[in-house]
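Student: Below you'll find the structure I mean.
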Amino acid sequence: MRNRRITAVGLVLVLSLASMSFKCGGGGCADNSPLCTSARAADTIAKSISEMITVKRELAKQGKLTRDEDLKLTQMLLRLNTADKVFVKRLDSLNAAPDAPTKQQLLSLFNNVTAALDDLNTNGVLGVQDADARNRLATIITAIRASVDIILPFLKS
């Protein structure tokens with residue numbers, strides 16, 4: 001069981017990082033600039049959120065989530081998805097490296113994403129009673145955190 005979980009986490013991380021190497025959000029940049037790398041990572045976060053929504057629905061259908069857990073996760077995923085969409089929209093609107101005020105704005109928007117992610121993990125995923133369901137959702141959280149770690153240096157530089 002533990003080996004399956006480790007394998008699943010590794011696979012999700014590899015697939016998430018690999019998907020970032022094939023395209024870029026925003027202006028279609030073809031280089032590996034920090035802006036382009038961050039846009040790809042933000043796109044991967046959006047895909048991971050979508051995957052988590054699908055997994056949550058599947059788990060609820062299987063009866064592995066209680067009605068309250070399902071509702072709580074739905075609300076938290078909505079908050080995370082909304083915050084991520086606002087961040088991605090602003091990031092995609094950039095045509096060049098951001099100036100200091102724009103970077104501050106992006107950092108503020110990104111802080112909303114990470115706060116929603118932390119809340120989802122702490123108050124949502126970790127509260128799921130079924131261990132298998134909790135592990136499946138936690139695997140996706142891990143993949144999202146890998147993308148967060150790619151974006152953070154760009155915003156803090």
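Laboratory data are not the source of any read-out in this text; all were calculated from the coordinates shown. Model, not experiment: these values are computed from the prediction. In this analysis, Cβ positions are derived from the backbone assuming ideal geometry, glycine residues included, and neighbour counts consider all displayed protein chains.
Student: With the crude spin-label approximation of a point 7 Å out along Cα→Cβ, what separation in nm comes out for ALA96 versus ASP119?
Tutor: Spacing of the two 7 Å Cα→Cβ label points: 3.7 nm.
Student: A further question on this structure: For a quick protection proxy, order the peptides 93-99, 39-45 by their average other-Cβ count within 10 Å, most packed first.
Tutor: Details: 93-99: 12.0, 39-45: 23.9.
Averaged packing, sorted descending, gives the order 39-45, 93-99.
Student: Which of rounded, prolate or oblate describes segment 43-157 when judged by the alpha-carbon gyration tensor and an a/c cut-off of 1.5?
Tutor: On the way: a/c = 2.62, a/b = 2.50, b/c = 1.05.
Since a/c reaches 1.5 and a/b is larger than b/c, the shape of segment 43-157 is classed as prolate.
Student: Can you find, among LEU120, ALA133, SER157, the residue farthest towards the positive end of the dipole of segment 105-157? Put +1 on the C-beta of Lys and Arg, -1 on that of Asp and Glu.
Tutor: SER157
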